[in-house]
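The values are calculated or read from the model by the stated rules, or taken from the named source; none is laboratory data. This one's a predicted model, so the numbers in the text were calculated from it and none came from an experiment. Here the Cβ positions follow ideal geometry from the backbone for every residue, glycine too, while neighbour counts run over all protein chains shown.
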Amino acid sequence: MNETHASSQKAEPFSAALAVAAGVDFAELRVGPHGLFWNEYRPQEGTCRIWHWRDEQAHCLTPATFSVSSRVYEYGGGSFCLSDDGVVFVNETDQQLYQQALDGSAPQALTHGTCRYGNVQFAHGRVLAVEEDAAQHRLVSIDPATRQRQVLAEGADFYAAPTLSPDGQRLAWIEWSRPHQPWTSTRLMLAEGHHQGQWNPAHCIAGDLSEESLQQPRFDEHNRLYCLTDRGGFWQPWSESGEGLVPAQSAAADHAPAPWQLGGRTWLPLGEQSYLATWTEAGFGRLGIHAADGSIEDFTGDYSRFRCLALDDAYLYCIAASPVSPSAILRIRRSDKQTRVLAGGIAPLPAEQISRPQTLRYPSGNGEAHGFFYPAMHGEVKPPLVVFVHGGPTSACYPMLDPRIQYWTQRGFAVADLNYRGSTGYGRDYRQALHLKWGEVDVEDACAVVSYLAGQGLIDGEKAFIRGGSAGGYTTLCALAFKDVFRGGASLYGVSDPIALTRSTHKFEGDYLDWLIGDPVRDAERYAARTPLLHAGQIRVPVIFFQGELDAVVVPQQTRDMLKALEDNGIPAKAYYYPQERHGFRKASNQAHALEHEWLFYSELLNP
């Protein structure tokens, strides 16, 4: 079928539009002397705005003409911080920094030009940020009063997490160089203050002698430096000592996801070797305060994922979700753990109608894979299955209420949400399993879950579909081309030609495919063997595509080429293109259109 554009459909009882509208999410959270602030994304508006909790109510701070979102490294993050008298944020349209007071006055630009900013911090009267200019990156400091800009560090390929000690005399950050990614090998850097705002030459604290991934450096109230490192097999807190970094007492578990975005806050040191943190156990998130003696005060409650931690003397704050509630802003009283939802967390369905995630751990290839199984809420005893493949591919899915998954289970489909080998949350070795194996182990895991669930009598193995976005779209197309397991599939802005991706992708992922598959020249045969576009003739089942026309990560031509190859081979295929969308869809109407038309596509295959 030739390409087409969005069209309206009659709403279902739990329609695609309702599923998308329930997808309100939160990106960041900060607490300070003026109260609590967060960045809220509303799909109906397609914008991100800062909200301020005061007088026991939430008030929108961002004017309607602004949206708060960074695009540094294309994935952004760290798009606002608290200043002495308000907030500093990155405006989505021009990617410049703006200062906004809390008195209702209009935001004032701090920067002008073509640079983009992210990972914004405020300390000792100055704004610290990652600055991106024509694919060059540096750390800068900006004085809000004078607009004076100072370069703090440059020369490395990438920077993240500029962090200033409480006394203002120690500056730490993370940097890394190509061909590494921030989850394979980074360096923890430290510069000591000199005089009059100047810094002595920086030196490397960790990461210079071996491959380890460090992230989220922090200082405690005594100016002692801490950081998460995976040198022990998991991202765990380590602290500064006379002999370098030494491990803090912690669970043998990941205390952070892969840092695709800047500004992560999944742990905070509290001094005296204690810290607040979230970590993962069997895919489920935990939240607690770790004491120096190894004891843990548990604040997990009924929730299963935690992000963007903050605290003051009386409360813990976080963005959290559970299997029966979507993302919410939580305030947890430290004295008695009384929890209040300040925003979000409203389930689009009654609790008894929500399909709950069941932990998946199943054999695949020469190892095992993980994920979550969501039973169909009605329909056949052995229902059809939709396999969800997350993007990244070094990313993860979580056991939390996702209205889009519920959309499928409400329609009689079971869902397998996979953390295939290479996903985060299960330690460094599991995360490294995709090294030179992309298109193989992830495909094995996506296919093996069908036979596993069918063998358990939970699904009809002859009625399985696979879908994924971005890197998940690549796994989807590989599974359809190289395996005979699925009845059909959906690729949302998915990679069909890895070689073409190496020519057009951005700097942040410029060497990622070398790690995932190999050198494009030296390993040309391996690329050819794992390129769905070159093996489109092996696809024997229908495929549907969804693509943003402004996508700079996976350019639209990849989807057009794959669609044409299938059509030339007589395979039923559809493609929908969205003129104003980038990599991942922002507009609610487009998200709902894609979700509904994917369901219609599978329904036609089940009931020809």
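In the stretch 355-408, counting only strands (runs of 3 or more DSSP E) that sit wholly within it, the ones holding 2 or more residues that are out of contact with any Cys (no Cβ under 9 Å at 6 or more places or on another chain) and surrounded by fewer than 22 Cβ atoms within 10 Å (Cβ to Cβ) span 358-364, 367-374.
Here is a yes/no grid of residues against (1) acidic (Asp, Glu); (2) farther than 28 Å from residue 585 by Cα; (3) free of Cβ contacts under 8 Å to residues at least 60 places away in the same chain; (4) surrounded by fewer than 24 Cβ atoms within 10 Å (Cβ to Cβ):
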{"site": "438", "(1), (2), (3), (4)": "no, no, no, no"}
{"site": "456", "(1), (2), (3), (4)": "no, yes, yes, yes"}
{"site": "471", "(1), (2), (3), (4)": "no, no, no, no"}
{"site": "476", "(1), (2), (3), (4)": "no, no, no, no"}
{"site": "487", "(1), (2), (3), (4)": "no, no, no, yes"}
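Tell me, yes or no, whether the stretch 545-562 has at least one residue that is under 19 Å from residue 475 (Cα atoms), in the same structural domain as residue 484 (by TED's automatic domain parsing) and hydroxyl-bearing (Ser, Thr, Tyr). Within the stretch 545-562, one or more residues are under 19 Å from residue 475 (Cα atoms), in the same structural domain as residue 484 (by TED's automatic domain parsing) and hydroxyl-bearing (Ser, Thr, Tyr). Condition first: in the same structural domain as residue 451 (by TED's automatic domain parsing) and farther than 24 Å from residue 419 by Cα. Can you find one or more residues in the stretch 358-379 that meet it? Within the stretch 358-379, one or more residues are in the same structural domain as residue 451 (by TED's automatic domain parsing) and farther than 24 Å from residue 419 by Cα. Please enumerate the residues belonging to the stretch 182-201 that are assigned to a loop (DSSP other than H, G, I, E, B), at pLDDT 95 or above and not aromatic (Phe, Trp, Tyr). Answer for the stretch 182-201, where residues must be assigned to a loop (DSSP other than H, G, I, E, B), at pLDDT 95 or above and not aromatic (Phe, Trp, Tyr): 182, 184, 185, 186. Within the set 64, 58, the sole residue that is outside any loop (DSSP other than H, G, I, E, B) and either over 19 Å from residue 308 (Cβ atoms) or small (Gly, Ala, Ser) (or both) turns out to be 58.
Checked across the stretch 571-581, the condition of being in a loop (DSSP other than H, G, I, E, B), over 23 Å from residue 439 (Cα atoms) and free of Cβ contacts under 8 Å to residues at least 24 places away in the same chain holds for no residue. Confirm whether residue 254 is in a loop (DSSP other than H, G, I, E, B), surrounded by fewer than 18 Cβ atoms within 10 Å (Cβ to Cβ), among the acidic types (Asp, Glu) and at negative phi. Considered against the rule, which asks whether it is in a loop (DSSP other than H, G, I, E, B), surrounded by fewer than 18 Cβ atoms within 10 Å (Cβ to Cβ), among the acidic types (Asp, Glu) and at negative phi, residue 254 comes out as no. Can you say whether residue 472 is at pLDDT 95 or above and on the phi > 0 side of the Ramachandran plot, as far as the supplied structure shows? When the stated conditions are applied, residue 472 does not pass them.
One line per residue, one yes/no per condition, for (1) under 27 Å from the mean Cα position of the chain (by Cα); (2) under 22 Å from residue 141 (Cα atoms):
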site	(1), (2)
177	yes, yes
183	yes, no
195	no, yes
237	yes, no
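Quick check on my filter: what residues within the stretch 283-334 are within 19 Å of the chain's Cα centre (by Cα) and not in a strand (DSSP E or B)? Selection gives 283, 303, 304, 323. Sort through 131, 74 and tell me the only one that's of a type in the set (D, E, K, R) and either modelled with pLDDT under 95 or touching a Gly at 6+ places or on another chain (Cβ under 6 Å) (or both). Result of the check over 131, 74: 74.
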